[in-house]
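Structure, as structure tokens:
The values are calculated or read from the model by the stated rules, or taken from the named source; none is laboratory data. These figures come from a predicted structure and were not determined experimentally. Please note: Cβ atoms are built from the backbone with ideal geometry, for glycine as well, and neighbour counts cover all protein chains shown. Ligands, DNA and RNA are stripped out before the accessible areas are found, and what is left, the full protein with its side chains, is counted by its heavy atoms. Shrake-Rupley method; radii C 1.70, N 1.55, O 1.52, S 1.80 Å.
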Amino acid sequence: MRIYKAKDYAELSRRAANIVSAHVIIKPNCVLGLATGSSPIGIYKQLIEWYKKGDLSFAEVSTVNLDEYYGLPKSHDQSYDYFMKSNFFNHIDIDHNKINIPNGLAEDVEVECTRYNQLISSFNGVDLQLLGMGNNGHIGFNEPGRAFELGTHLVELAPTTIEANARFFKNADEVPKKALTMGIKNIMSAQKILLVVSGESKAEALKNAFQGPVTPEVPASILQLHPNVTLVADEAALSKFEI
Ligand code: F6R
């Protein structure tokens, strides 16, 4: 694993954006696996800036997002579809037909999960999967204690995740209790993984993920077994890490 220690969130975002943009420049038709949440917002802002300067084009890029809340319409301002459009896709030249996000309103969840698994397989491993990590060590919405071998599935969100995400809603009651998420199996099939972690509240989970045993209790610990992981984290997130 390669580790970049950034002094703060701004530096973390620039460094990680550099890695994403390098992929797009080297392979203009690459497949990017994308994440939502607060961690990647700075990366998306930086990429938009470079696009607007004319340094970068996403015209041939395909994307596949990690997850989506179950039961929220796309138009809801907390749906991940809405998040991706407002924070990234609507500001760049991406072909909207090449954007993929699980359908949180699918009538038949099984059919939707199969569709998403087949889509990911058809890419033959996404070129670069961007990941954030929850305070409890989750990646995507793969919560502690879940099996490592799952593909895309419907998940009940952990109480700690609902609490953490309540900051985006009026209150915790409004946070959806379920989500569709890529499974660990899908995530591990990526050619390369870029994990971005910021803030002291994640320091313990980050240490456990890479300096503890590989265990479903810490979902991100599975990344120890991936051959090509880059971690970009700020000093606060790395404060418990023994380098
Ligand atoms: C988002 C996702 C989640 C987040 C994680 C961290 O698509 O899959 O795993 O990356 O919950 O969220 P933030 O960045 O808001 O701390």
| Cβ pairs under 8 Å, 6+ apart, first in the range 119-148 and on the phi < 0 side of the Ramachandran plot and among the aliphatic types (A, V, I, L, M), second at pLDDT below 95 and open to solvent by 10 Å² or more (accessible area, probe 1.4 Å) | none
| query | Which residues, taken from the range 217-242, are open to solvent by 50 Å² or more (accessible area, probe 1.4 Å) and part of a loop (DSSP other than H, G, I, E, B)? | reply | GLU217, PRO227, ASN228, GLU235, SER239, LYS240, GLU242
| request: Specify the residue that is modelled with the highest pLDDT; the eligible residues are those in the range 164-177 that are touching an Asp or Glu at 6+ places or on another chain (Cβ under 9 Å) and more than 14 Å from the ligand (Cβ to nearest atom). | output: LYS177
| remark: Across the range 169-200, the tally of residues that are in a strand (DSSP E or B) and either open to solvent by less than 10 Å² (accessible area, probe 1.4 Å) or aliphatic (A, V, I, L, M) (or both) stands at 8
| field | Every pair of residues 6+ apart whose Cβ atoms lie under 7 Å, when the first sits in the range 44-68 and is without any contact (Cβ under 8 Å) to a residue 60 or more places away in the chain and assigned to a helix (DSSP H, G or I) while the second is open to solvent by 20 Å² or more (accessible area, probe 1.4 Å) and of a type in the set (Asp, Glu) | value | TYR51/ASP93
| For the range 49-71, does any single residue satisfy the condition of being touching a Ser or Thr at 6+ places or on another chain (Cβ under 9 Å), surrounded by fewer than 18 Cβ atoms within 10 Å (Cβ to Cβ) and within 30 Å of ASP173 (Cα to Cα)? | no
| request: Exactly one condition in (1) more than 19 Å from ALA16 (Cβ to Cβ); (2) touching a Lys or Arg at 6+ places or on another chain (Cβ under 8 Å); (3) not aliphatic (A, V, I, L, M) is not met by LYS98; state its number. | output: (2)
| query | Quick one: what pairs do we get from the range 173-197, first residue under 22 Å from ALA147 (Cβ atoms), second hydroxyl-bearing (Ser, Thr, Tyr) and more than 15 Å from the ligand (Cβ to nearest atom), C-beta under 8 Å, 6+ apart or different chains? | reply | SER189/SER121; ILE193/THR230; LEU195/THR230
| note | Scanning the range 134-163 for residues that are closer than 22 Å to ALA237 by Cβ and open to solvent by 40 Å² or more (accessible area, probe 1.4 Å), the one nearest to the ligand (Cβ to nearest atom) turns out to be ASN135
| task | Tell me which residues, restricted to the range 16-35, are assigned to a helix (DSSP H, G or I) and away from the ligand (no atom under 16 Å from the Cβ). | result | ASN18, ILE19, SER21, ALA22, HIS23, VAL24, ILE25, ILE26
| Candidates ASN97, ASN103 - the one that is open to solvent by 50 Å² or more (accessible area, probe 1.4 Å) and touching a residue at least 60 places away in the same chain (Cβ under 8 Å) | ASN103
| field | Among the candidates ALA209, ALA166, ALA203, residue that is in contact with a Gly (Cβ under 6 Å, 6 or more places away or on another chain), surrounded by 14 or more Cβ atoms within 10 Å (Cβ to Cβ) and either without any contact (Cβ under 8 Å) to a residue 24 or more places away in the chain or under 23 Å from MET1 (Cβ atoms) (or both) | value | ALA209
| said: Can you pull out every residue in the range 218-243 that is more than 19 Å from ALA6 (Cβ to Cβ) and either touching a Gly at 6+ places or on another chain (Cβ under 6 Å) or hydroxyl-bearing (Ser, Thr, Tyr) (or both)? | reply: VAL218, PRO219, SER221
| message | With the requirement that a residue be on the phi > 0 side of the Ramachandran plot and touching a helix residue (DSSP H, G or I) at 6+ places or on another chain (Cβ under 8 Å), what does the range 38-69 give you? | response | none
